[in-house]
1. Check the range 154-165 and report whether any residue there is part of a strand (DSSP E or B) and over 30 Å from Gly238 (Cβ atoms).
2. Restricting attention to the range 244-254, and to residues there that are touching a residue at least 40 places away in the same chain (Cβ under 8 Å) and assigned to a strand (DSSP E or B), which single residue is surrounded by the most Cβ atoms within 10 Å (Cβ to Cβ)?
3. Please specify each residue of the range 210-225 satisfying the condition of being in contact with a strand residue (DSSP E or B) (Cβ under 7 Å, 6 or more places away or on another chain) and part of a loop (DSSP other than H, G, I, E, B).
4. In the range 79-138, how many residues are farther than 16 Å from Tyr38 by Cα, open to solvent by less than 20 Å² (accessible area, probe 1.4 Å) and not in a loop (DSSP other than H, G, I, E, B)?
5. Which numbered condition trips up Gly314, out of (1) open to solvent by less than 60 Å² (accessible area, probe 1.4 Å); (2) within 24 Å of His257 (Cβ to Cβ); (3) in contact with a strand residue (DSSP E or B) (Cβ under 7 Å, 6 or more places away or on another chain)?
6. Would you be able to tell me the number of residues in the range 323-355 that are assigned to a strand (DSSP E or B) and open to solvent by less than 60 Å² (accessible area, probe 1.4 Å)?
7. Can you tell me how many residues within the range 171-200 are more than 24 Å from Leu373 (Cα to Cα) and touching a His at 6+ places or on another chain (Cβ under 9 Å)?
8. So which residues in the range 283-304 are assigned to a strand (DSSP E or B) and not charged (D, E, K, R)?
Amino acid sequence: MTVAENNTAPSATGADTTASAAEAVVPAVSRGERFTSYDVEAFEVPSGREENWRFTPMKRLRGLHDGSAAATGQVKVDAEAAPEVRVEAVARDDERLGAAGTPSDRVAAQAYSSFETATVVTVPAETKASRPSVVRITGPGQDKTAYGHVQIRAEAFAESAIVLDHVGSGTYADNVEFVLADGAQLTVVSVQDWADDAVHVSEQHLRLGRDARLRHIVVTLGGDLVRVSPTATFAGPGGDVDMLGLHFADAGQHQEHRLFVDHAVPHCKSNVLYKGALQGDGAHAVWIGDVLIRAAAEATETFELNRNLVLTEGARADSVPNLEIETGEITGAGHASATGRFDDEQLFYLQSRGIEEEQARRLVVRGFFHEILMKIDIPEVRERLEAAIEDELQAIGA
C-alpha cells in the first residue's frame with residue numbers, strides 16, 4: 001500500500017489533483033492514511049503482495065485490477081420501489097455522485113471512471129417508506145465485463161429499507177454509495193447471489209450525518225470470486241452504524257469482506273458482526289475488519305466480531321480484526337475473532353436426544369446464523385436466505 005495526499009473530485013468526471021502513486025513511497029502505518037483517488041493511474045497495478053490484496057487470488061480478477069478488463073457488456077438494473085421512493089438513472093456528471101467517499105483501490109477507481117449511467121435511489125426528507133424497495137442488478141452475462149455505480153440517498157429524517165439484489169453471470173465492478181442526511185434511518189441488505197461463474201468486486205461507501213442510523217447487511221452466497229469492501233464514515237456526532245454480514249462459501253469459491261469504520265467525530269457508535277460458513281475443497285473466506293478511532297472522536301463506542309464455521313476438510317478462513325485508538329476518551333471499544341470446525345459435541349448432544357445426524361447438522365448451522373438472520377427485518381429476504389442456507393447444506397448431504 002502507498003500513501004499520498006487524499007484526492008477529492010467535484011463530480012464523476014475522473015478529475016484528479018495529486019501526484020501519481022509512483023511518487024508515494026512511504027508505507028502506510030495507519031488505515032487512516034490510505035490513499036484515495038478517482039484517477040485509475042494514481043494507483044499502482046497491484047501484484048498481490050500488498051496488504052490490501054494479499055488474500056485475493058489476483059488471476060481470478062479477470063483483469064479488473066490491471067486495466068485489461070474492458071467493458072464488453074452492461075448490467076441490467078430493475079427497481080421495485082416503494083411509492084414514496086424515487087429512482088433515477090443519471091449521467092456521470094451528476095453533482096451528487098461521489099458524496100459518500102472516494103475510491104481507495106485501483107479496481108474501485110476503474111469502476112468509477114468506467115460506468116456510463118448511475119442509479120440514484122432517493123428517500124425524500126421526513127418520509128417513511130411504506131414498504132422495502134428492491135433494486136435488482138443482473139450481471140452482463142457469461143464472459144462479459146461491466147462497471148456500475150449505485151447511490152442510495154436518505155434525506156433528513158427519512159426512513160426506509162432497501163435491498164440490493166445481485167444475480168446473474170459475468171464480471172462486474174462497482175461503487176455503491178449510501179448517503180444519510182441528519183436524522184435519517186436506513187436499513188440496507190446487499191445480497192450477492194451470483195451464478196457460479198461470476199466475479200464481483202464492490203467498494204461500498206457509507207456516510208452518516210448527525211444522529212443518522214444505518215443498518216448495513218451484506219449477504220454473500222454465490223459467485224466464483226466476490227470481494228465487498230464497505231467503509232463507514234461520520235459527518236456529524238450521534239451517528240450509529242450496524243455492519244452485519246452472512247456468507248457461505250462452497251468448494252472453490254473465494255469470498256472476501258474488507259471493512260473500515262472511520263470514527264473521526266465524537267459521540268458515534270459502530271457495531272460489526274459477520275458470520276461465515278465454509279464447505280468443500282478450496283472454499284476460502286476472508287474477513288478484514290479495521291476500526292479507527294481518531295483523536296477527535298471522543299465518547300466513541302465500537303465493537304467488531306467475526307466468527308467462521310468450517311464444515312468440511314479443505315476449506316480455509318482468514319480473519320483479521322484491527323482496532324486503532326488515538327484517544328483515551330472513549331465509551332468502549334473491542335474486537336474479537338473465532339474460527340472453528342463443526343462441533344462434534346453439539347452434534348452428539350442432539351443425536352443423543354433422538355435427532356438424526358443430517359437434521360442435527362442443519363440445526364447447528366441454522367443456530368450459528370440465527371443471530372444475523374433475525375436482524376434482517378424484511379421477511380421475504382430472511383425467508384429466501386434461510387432457504388438458500390438449506391440448499392447449501394443439502395449440496396454436500398449435510
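The values are calculated or read from the model by the stated rules, or taken from the named source; none is laboratory data. Nothing here was measured: the structure is a model prediction, and the numbers come from that model. Positions of Cβ are backbone-derived with ideal geometry, glycine not excepted, and every protein chain shown enters the neighbour counts. Accessible surface areas use protein heavy atoms only, side chains included; no ligands, DNA or RNA. Shrake-Rupley method; radii C 1.70, N 1.55, O 1.52, S 1.80 Å.
1. So far as the range 154-165 goes, yes, one or more of its residues are part of a strand (DSSP E or B) and over 30 Å from Gly238 (Cβ atoms).
2. Taking the candidates together, the pick is Ala249.
3. Ala212, Leu221, Gly222, Gly223, Asp224
4. The total comes to 9.
5. Checking Gly314 against (1) open to solvent by less than 60 Å² (accessible area, probe 1.4 Å); (2) within 24 Å of His257 (Cβ to Cβ); (3) in contact with a strand residue (DSSP E or B) (Cβ under 7 Å, 6 or more places away or on another chain), the one that fails is (3).
6. Summing the residues that are assigned to a strand (DSSP E or B) and open to solvent by less than 60 Å² (accessible area, probe 1.4 Å) in the range 323-355 gives 9.
7. 7
8. His284, Ala285, Val286, Trp287, Ile288, Gly289, Val291, Leu292, Ile293, Thr302, Phe303
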